[in-house]
Amino acid sequence: MVDTPFTRRWLTRATLGGLGGTALPGWMGEALAQGAAPGGVLRVGLAAPNTTLDPHFQSNAPNNAMASHVFDALVTNDAQSRSQPGLAASWRLIDDRNWEYKLREGVTFTDGTPFTVEDAIISLRRANDLPSTASFRTYTRGIKTMTAPDAHTLRIETAEPDPLLPNSLSRIRIISARFKDATTADFNNGQAMIGTGALVLREYVPGSHVRLAPNLNWWGPRLPWTEVVLRVATDDGGRLASLLSGDLDIIEAVPSQSMARVRADQRLHLIRGISSRVAYLAMDQGRDVTPFATSADGRPLERNPFKDLRVRRAINMAINRQAMVERVMEGDAVIATQFLPPGGAGTSDRIQPAVFDVSRARALLTEAGYPRGFRLAVHGPNDRYINDAKIVQAVAQMLTRIGIEARAEVMPWSVYASRSAQGEFSLSLGAWGVNTGETSNPIKAVLATPNRAAGLGASNSGRYSNPEVDRLLLQALGTMDDMARNALLAQASEIAFNDLAILPLHHEVSVWAARRGITYETRNDQYTLAMGVGRNS
C-alpha cells in the first residue's frame, strides 16, 4: 500500500506536466503503464456541477452520479432503477429484520487494498453519522446492528422490518476503511478518493471538470476509453456549442429549443429517455412569518400565507401546467399529479389533476384575506433541472395574473442547494428523482416531518408536517408485503397531495445529444455515467 498524498496540486502537476516525468503513486503508475482498452478520451458535458467529491456528504443527483464513477455500492441500481448485485454478489432475507449480504471476493481498492466487510460497515456508519444539510441518513436510519461472520459476509439487523433495505444500500458508496476518519476536504483534495469503482480520479477542479482514468482492476466490464473528462457546462448554449465544435462527445439536458439544431447536424444525434424525476414547487409551511412574502405595499405580512390551504389552492390553480409542458418544456415533459404517474407503486388514483382557473384562484386569495394579493419572490436554480430558470420565470408570471406580485430569483445550483436544504425560501422550485420506482423514498425525504435523527424529511425544504402522513409512511416502511405497503403509501400520497404539501408540475423527459457513433443507455435517475457510454462498432 502506498500512502503518497493524492493532493490537487499533485493531480494538476501530473496532468499538466505530463506523466513521464512525474513520480506516480504505485497503483496509479501501474494502471497507466498497462494502458486501457482502445477508444481515446471521452468528453462529457454536465449541466449541473457537483458540490463535493465526498460520497457521504450532501446527497443530490450531481454528487451521487459523480461518486458512482469512483466508488461502488453494495447494491447497484440498473437503468430502470432495479436492484442488481454490486459489491454484494447476493443477499437474502433471513427474517423480517435480518439480512445477509455475500460480498464479492477478489475485489481490491485502487491502492491495492482488498475489499472486505470492514469497508462496508465503516462506509455505512460514516454515511449515517456524517453531519450534512442533505444527509444520507434517510437510507441508513433503520439499521440497528451490523456484524461480520467472516471477511465477505455482512449481516444487517434493522430496528423494524425494512423491505426496501437493498434499494437503500444502493445509495451508499463504499470507501476504504482506512479513510473512516477522513474529512470532506480529504476527498475534495483527492487524498481519500480511493475506491473500487470503474474509474480512478486524476484531477478535480471544482466547478470546471473531473478527469478520470480507467480502473483496470475493476470487477465490472472494461470501459472503451483511455480517459474520461466530466466537464461542467451549466450554460445550455455553451454546452451545445462545445458539442457542435467537437470539444465534447456527449452532453446531457439538451434544451428543447436546441433540438432542431442537433437534428440538422448529420454528425450528431439525440438520445431520449423518460425519467423518474418530478418537478414541483415547495412552499414554506413551517414558519409563522415567511421571509420572501410581503404585503402589496411592501410591509411585512403578519402571518405566513402558505399555511392557509386556500392560498396553496390559489397558487395551484394559477399554474397552467399544459402551457408549461407545451411552451416552456416544448413537449419534453408530462403533467404530474403526484410523485409517479398514476398506476405507479404507492400512487393513488383518487388524486385529481389541478384545474387551471384564474378567476377561482383570485377568489380564493380574497377569501384568505388577500384581496390585493401580496408580493413574493419565487426562487430556483438556473443550472440544475431542465429549463429550471424558465420554469421559475413562468411560475412568477402566472402568479402575477392572480394578483400575487411575483418576481423570479434564480442562482447557481452550488448556491441554491444548500440554501434550499436549510429551508430559506418561501416558494421555490424543487425536483426529485423517484429512483426506487415506488413512493416511500420521496415521501420519506420530501414530505415527512423533518427529523434528522430518524433520517426523515431530509429534503423537505418547505418544512411540511402532517402526523397522519408520517404515521402511514412509518407503517408502510415496516410492511413486508408489497401490496399492503403500496396501499399505505397510496393513502399517504392522497392525503399529502390533496393537502397541497407540494405542488407537482411535471415529469421530465431527459434528452442527451452525442456525436454519431456514441451511444448511451438512458437511466430513470437521469444520471450521466461514463460506464453507460459506448461506441458503435
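Given a Förster distance of 41 angstrom, what is the FRET efficiency for ARG303 paired with ARG92, based on the Cβ-Cβ distance and rounded to 0.05? After rounding, the FRET efficiency stands at 0.15. Taking Cα extents along the principal axes in Å as calculated from this structure, the corresponding entry among (i) 96, 63, 46; (ii) 80, 72, 49; (iii) 72, 57, 41 is (iii). Ranked by how many other Cβ atoms sit within 10 Å of their own Cβ, fewest first, the residues LYS390, LYS444 fall in the order LYS390, LYS444.
For LYS390, the aspartates and glutamates whose Cα comes closer than 16 Å to its Cα, not counting residues fewer than 8 places off in the same chain, are ASP235, ASP236, GLU326, GLU330, ASP332, GLU409, GLU508. When PHE339, PHE115 are arranged by Cβ crowding within 10 Å, least crowded first, meaning fewest neighbours, the order is PHE115, PHE339. Annotation: lysines with alpha-carbon distance below 25 angstrom to LYS444 (same-chain offsets under eight excluded): LYS144, LYS307. Quick one: grab the alpha carbon gyration tensor of region 163-217, order the square roots of its eigenvalues as a ≥ b ≥ c, and give me rounded if a/c is under 1.5, else prolate or oblate depending on whether a/b is larger than b/c. Prolate.
Here's the list of aspartates and glutamates a cross-link from LYS180 could span, going by alpha-carbon distance under 13 Å and ignoring same-chain residues fewer than 8 apart: ASP54, GLU118, ASP119, ASP129. Extending 7 Å from Cα along the Cβ direction at THR184 and again at ASP265 yields two label points whose distance is 3.6 nm. Taking other C-beta atoms within 10 angstrom as a stand-in for reagent exposure, MET283, MET329 fall in the order MET329, MET283, fewest first. The label point for LYS144 and the one for VAL41, both projected 7 Å from the Cα toward the Cβ, are 5.4 nm apart.
Extending 7 Å from the Cα toward the beta-carbon at both GLN84 and GLU100 defines two label points whose distance is 2.6 nm.
Among beta bridges from DSSP that stay inside the chain, the antiparallel ones total about 80%. Nearest-5 percent of antiparallel DSSP beta bridges in region 275-509? Close to 65 percent.
Every number here is computed from the coordinates shown, using simple stated rules; none is lab data. Keep in mind that what you see is a predicted model, and the values were worked out from it rather than measured. Heads up, the Cβs are rebuilt from the backbone with ideal geometry, glycines too, and the neighbour counts pull from every protein chain shown.
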